[in-house]
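Engineer: Okay, handing you the structure first.
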Amino acid sequence: MTIKRVNTSTSRKTLSARRGSATKKDLEDFKKEILHQFHIISEGLIDQIKLLAEGHSGIIQRLDRTDTRLEGVETKLDRVETKLDRVDTRLDGVETRLDHMARENERQHEETRALVKLSFSELDKRISNLEFQVKELQEWRKQVEARPRI
C-alpha cells in the first residue's frame with residue numbers, strides 16, 4: 001500500500017500567488033485532491049482492517065479447536081475422577097477389613113499366649129510331680145538295695 005502525500009507545496013504556491021483571488025475552481029480542485037487522498041488512505045485502512053479480521057477469524061477458529069480439545073480432556077478427567085472415587089471406596093473397604101483382621105489376629109495371639117501359659121503351668125506341675133515320683137522311686141530303690149538279702 002502506498003500513500004500519496006498531498007502536494008501541499010504546489011497548492012500553497014497557487015493559493016499564495018492568488019491569495020486574494022482564489023477561485024471556486026481552485027478550491028474545487030483542492031477539495032478533489034483532498035478527497036482523492038482520503039480515498040487512497042481509507043482503502044489502505046480497509047485492507048488492513050480486512051487483514052486484522054482474517055487474523056481474528058483464524059484465532060477464533062484455533063480457540064474453538066482448543067476449547068473442544070479442553071472439553072475432551074475435562075470429560076476424560078471426570079472419568080478418571082469417578083474411577084479414583086471407586087478405588088478410594090474399595091480401599092476404604094480393604095482398610096476396614098485389614099483393621100478387623102488385625103484386631104482378630106491380636107485377639108487370637110492373646111488367646112494363644114494364655115493357652116501356652118496355661119499349658120506351661122500344667123506341664124510344670126506334671127514335671128514337678130514326675131520329679132517327685134522319680135525322687136521317691138530313687139529313695140525306695142536305695143532302701144531296697146540297702147536291705148540285706150536273704
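The values are calculated or read from the model by the stated rules, or taken from the named source; none is laboratory data. Bear in mind the structure is a predicted one, so any value in this text is a computation, not a measurement. Heads up: the accessible areas ignore ligands, DNA and RNA and are worked out on the full protein's heavy atoms, side chains in. Shrake-Rupley method; radii C 1.70, N 1.55, O 1.52, S 1.80 Å.
Engineer: Could you tell me which of the residues Arg62, Arg149 is open to solvent by 80 Å² or more (accessible area, probe 1.4 Å) and within 28 Å of the chain's Cα centre (by Cα)? Give the derivation first.
Structural biologist: Values: Arg149 fails: within 28 Å of the chain's Cα centre (by Cα).
Of the residues listed, the single one that is open to solvent by 80 Å² or more (accessible area, probe 1.4 Å) and within 28 Å of the chain's Cα centre (by Cα) is Arg62.
Engineer: Taking the condition assigned to a helix (DSSP H, G or I), at pLDDT 95 or above and hydrophobic (A, V, I, L, M, F, W, C), does Ala102 pass? Can you show your working first?
Structural biologist: On the way: assigned to a helix (DSSP H, G or I): yes; at pLDDT 95 or above: yes; hydrophobic (A, V, I, L, M, F, W, C): yes.
Criteria met by Ala102.
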